[in-house]
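To keep things clear, I will list the structure first and then write my remarks on it.
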Amino acid sequence: MNDIVISVRDLTKRFGDFTAVDHISFDVRRGEIFGFLGANGAGKTTAMRMLCGLSYPTSGSGTVAGFDVRTEGELIKRHIGYMSQRFSLYNDLTVWENMRLFAGIYGLTAKQTNERATELLERLNFSSERNTLVGSLPLGWKQKLSFVIATIHRPDVVFLDEPTGGVDPVTRRQFWEMIYEAAENGTTIFVTTHYMDEAEYCTRASIMVDGKVCALDTPARLKQQFAAESMDEVFRTLARGAQRGE
Amino acid sequence: MERNFASFVKKESLHILRDTRTMLVVMLIPIILMILFGFAISTEVNNVNVAVVAPERTDGVHDAVERLAQNGYFTFKGYISQNEIDQCLRSGKANAVVVFAQGYDRRAAQAAAGIETKPIIQLIFDASNVNTAGSASAYMQSVLLGTASQQAMFETRMLFNPQMKSAYNFVPGIMGLIFILVCAMMTSVSIVREKEVGTMEVLLVSPVRPVKIIFAKMIPYFAISCIVLVTILLLARYLLGVPMTGGVCGIFSLSLLYLLLSLSLGLLVSTIATTQVAALLISAMVMMMPILMLSGMLFPIENLPIFFQVVSNIVPARWYIDAVRKMMIQGLPIMAVWKNCVILLGMTAVILAVSLKKFKDKLE
């Protein structure tokens, strides 16, 4: 099995004169938790959209789960999971119906759906809420459920776009435990976040400034490199040089 | 990949079923409208104000007027002159005018003796309320004649609505309106809701093709519209007694085409609007107003100013309502309205093509 799950070379996206993503290159290994950091407007979302097969790169190349981002977008979509920064399950459907819907979207059979959904609910201690409307759950639970549903089809890579926005510290902690567990089971995690303490949890972190990847290493070595106490400091040092505003 | 399509249709149906209030509104509006238009426009003859034109107030005329005045259903409003007729009807002072000819008595007597033809009594009605005018005319004739020995011929004129367009003229209008409401408005709102809430993003990252997402959304609304269509047709036939001799099949197929057109319109709106409120407003202002005003639903197209007559050509409901009227009320077969069918088909093709193109462009 190929050990590199995401491989990107000189990936670029231009909108007219504006270069949103400027020749970024990096590799993500299987089972890694890859932190994708950057200020607002640094180009994170655009880069992520290209990796998800939603946006076509202007130049450069890349593969995700072994498929080309330029030509095999549809295949990529089948092998990745995605959780957006906005809560994106259906509030007027029950927990079970949401799971069944997304399992169906990814082509799971009825039997597989039943097995996996039951198993996931048990792991979350959520079995009693199976017929509860998602809209009536607290936000923390919703986020956990979103994550579980994003991985229901056992994707190679899960893209998490600021998954813990607006969630209390305890739930964030629990959320990261789920991420760790998934990574241990061989799922690669590609996560963007604003919380620099979360960056510390990543296997490796990259920091984007003005469309370019300025730094990429393990949190420990990044701190060493920038002679910083915390990732927060590393981030501030780099972001100070940014030309683009919010 | 058929499985994911089925899960989608199921999901959309659940959304609709969970929203009981909207469901009820959609199902009840057509029924309420049908009953309102069918019965609120009363067919009973009640309190018809009558003015009389009589050059000579002879005994025969007096007798006839007396009979009218004493009848509980008619109110005698007095004598007027020939040139006051129009003004009198327009102002609403009278709903009907009875005109006796010169020499009414003499001719009636001669007719009784078999010498002359029968005298003529002209009845002029304000027919903007067709049903009332129709039955009032028949009733008034029998009242005026009184006894069988009285001889007269009637000449009836219906003003303001010469074709005697009847109350069930509203049925096609209601159909033209309701399907736009259910299909276009609800589909667009439901698509835009997903954009607004953020679920659309997740769906786009999934392997489901965007076009499938859209079609899956249309199917439940299409189904609801079909139920509504059957309800309307049943009510029209058995409650309002619309003859529908033109064949239900024709009406049904044409309606299916119109449903498709409405769905495409909904898709088009959803590509323009970014919030649910915007989608609602666009549907209401850009679609409902022209249907109410320019489709011939409320006002006959022939009575509109030329400018609006021209504009009405691009209102799809105009062609639909016109065709359904012809089939439902005049009893024409679908072949007789082929021109409307072709126009609607063309409009559907254009709207669908434009909206699919716009939808795809938006995704980029």
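Quick notes on this one:
- Among the residues of segment A:176-200, those that are outside any loop (DSSP other than H, G, I, E, B) and in contact with a Pro (Cβ under 7 Å, 6 or more places away or on another chain) comprise A:191, A:199.
- The single condition among (1) away from chain B (no Cβ under 13 Å); (2) in contact with a Leu (Cβ under 8 Å, 6 or more places away or on another chain); (3) more than 26 Å from residue A:196 (Cα to Cα) that residue A:21 does not meet is (3).
- Test: residue B:216 is assigned to a helix (DSSP H, G or I), open to solvent by 20 Å² or more (accessible area, probe 1.4 Å), of a type outside the set (Lys, Arg) and within 22 Å of residue B:4 (Cα to Cα): no
- Counted residues, segment B:115-127 - those being open to solvent by less than 20 Å² (accessible area, probe 1.4 Å) and either in a loop (DSSP other than H, G, I, E, B) or modelled with pLDDT under 75 (or both): 2
- Residue pairs whose Cβ atoms lie under 7 Å apart, sitting 6 or more positions apart in sequence or on different chains, and linking a residue in segment B:208-226 that is of a type in the set (S, T, N, Q) to a partner that is open to solvent by less than 10 Å² (accessible area, probe 1.4 Å), are B:225/B:179; B:225/B:182; B:225/B:183; B:225/B:259.
- Residue satisfying condition, being open to solvent by 50 Å² or more (accessible area, probe 1.4 Å), aromatic (Phe, Trp, Tyr) and over 30 Å from residue B:19 (Cβ atoms), within set A:26, A:67, A:36, A:18: A:18
- Count of residues meeting criterion [part of a loop (DSSP other than H, G, I, E, B), out of contact with any Gly (no Cβ under 7 Å at 6 or more places or on another chain) and either more than 8 Å from chain B (Cβ to nearest Cβ) or modelled with pLDDT of 90 or more (or both)] in segment A:53-88: 7
- Looking across B:251, B:272, B:224, one residue alone is closer than 19 Å to residue B:318 by Cβ and of a type in the set (Val, Ile, Thr). It is B:251.
- Checked against the criterion of being in contact with a strand residue (DSSP E or B) (Cβ under 7 Å, 6 or more places away or on another chain), within 24 Å of residue A:77 (Cβ to Cβ) and crowded, with 19+ Cβ neighbours inside 10 Å, the candidates A:182, A:199, A:205 yield just one match: A:182.
- Residue match in segment B:194-209 (condition: more than 22 Å from residue B:10 (Cβ to Cβ), out of contact with any helix residue (DSSP H, G or I) (no Cβ under 6 Å at 6 or more places or on another chain), open to solvent by 10 Å² or more (accessible area, probe 1.4 Å) and at pLDDT below 85): no
- Here residue A:129 passes the criteria (1) within 24 Å of the chain's Cα centre (by Cα); (2) among the acidic types (Asp, Glu); (3) more than 8 Å from chain B (Cβ to nearest Cβ) except the one numbered (1).
- So residue A:31, is it assigned to a strand (DSSP E or B) and open to solvent by less than 30 Å² (accessible area, probe 1.4 Å): no
- Test: residue in segment A:38-45 that is in a loop (DSSP other than H, G, I, E, B) and in contact with a Ser or Thr (Cβ under 8 Å, 6 or more places away or on another chain): no
- Among the residues of segment A:154-164, none qualifies, meaning not one is in a helix (DSSP H, G or I), open to solvent by less than 40 Å² (accessible area, probe 1.4 Å), among the β-branched types (Val, Ile, Thr) and modelled with pLDDT of 90 or more.
- Within the option set A:125, A:114, being free of Cβ contacts under 8 Å to residues at least 12 places away in the same chain and in a loop (DSSP other than H, G, I, E, B) holds for one residue only, A:125.
- Hits in segment A:34-52 - residues which are more than 14 Å from chain B (Cβ to nearest Cβ) and not small (Gly, Ala, Ser): A:34, A:36, A:37, A:40, A:44
- Residues in segment A:89-102 that are part of a helix (DSSP H, G or I) and facing chain B (nearest Cβ under 8 Å) were compared, and the one that is most open to solvent (accessible area, probe 1.4 Å) is A:100.
- Here residue B:250 passes the criteria (1) buried (at least 21 other Cβ atoms within 10 Å of the Cβ); (2) not in a helix (DSSP H, G or I) except the one numbered (2).
- Screening segment B:188-207 for residues that are free of Cβ contacts under 8 Å to residues at least 24 places away in the same chain and not hydroxyl-bearing (Ser, Thr, Tyr) and picking the one that is nearest to residue B:35 (Cα to Cα) gives B:194.
- Some residue of segment B:262-271 being in a loop (DSSP other than H, G, I, E, B) and either open to solvent by less than 40 Å² (accessible area, probe 1.4 Å) or of a type in the set (Gly, Ala, Ser) (or both): no
- Residue within segment A:164-182 that is within 14 Å of chain B (Cβ to nearest Cβ) and farther than 17 Å from residue A:32 by Cα present: yes
- Selection from segment A:71-89 of residues that are in contact (Cβ under 8 Å) with a residue 60 or more places away in the chain and in contact with a Lys or Arg (Cβ under 8 Å, 6 or more places away or on another chain): A:89
- Selected residue (only one of B:229, B:257 is touching a residue at least 12 places away in the same chain (Cβ under 8 Å), touching a Phe, Trp or Tyr at 6+ places or on another chain (Cβ under 8 Å) and either more than 14 Å from every other protein chain (Cβ to nearest Cβ) or surrounded by fewer than 20 Cβ atoms within 10 Å (Cβ to Cβ) (or both)): B:229
- Residue within segment A:4-17 that is in contact with a Pro (Cβ under 8 Å, 6 or more places away or on another chain), more than 8 Å from every other protein chain (Cβ to nearest Cβ) and under 30 Å from residue B:14 (Cβ atoms) present: no
The values are calculated or read from the model by the stated rules, or taken from the named source; none is laboratory data. Source: prediction; values computed, not measured. Don't worry about glycine lacking a Cβ; one is built from the backbone with ideal geometry, like all the others, and counts go over all protein chains shown. Heads up: the accessible areas ignore ligands, DNA and RNA and are worked out on the full protein's heavy atoms, side chains in. Shrake-Rupley method; radii C 1.70, N 1.55, O 1.52, S 1.80 Å.
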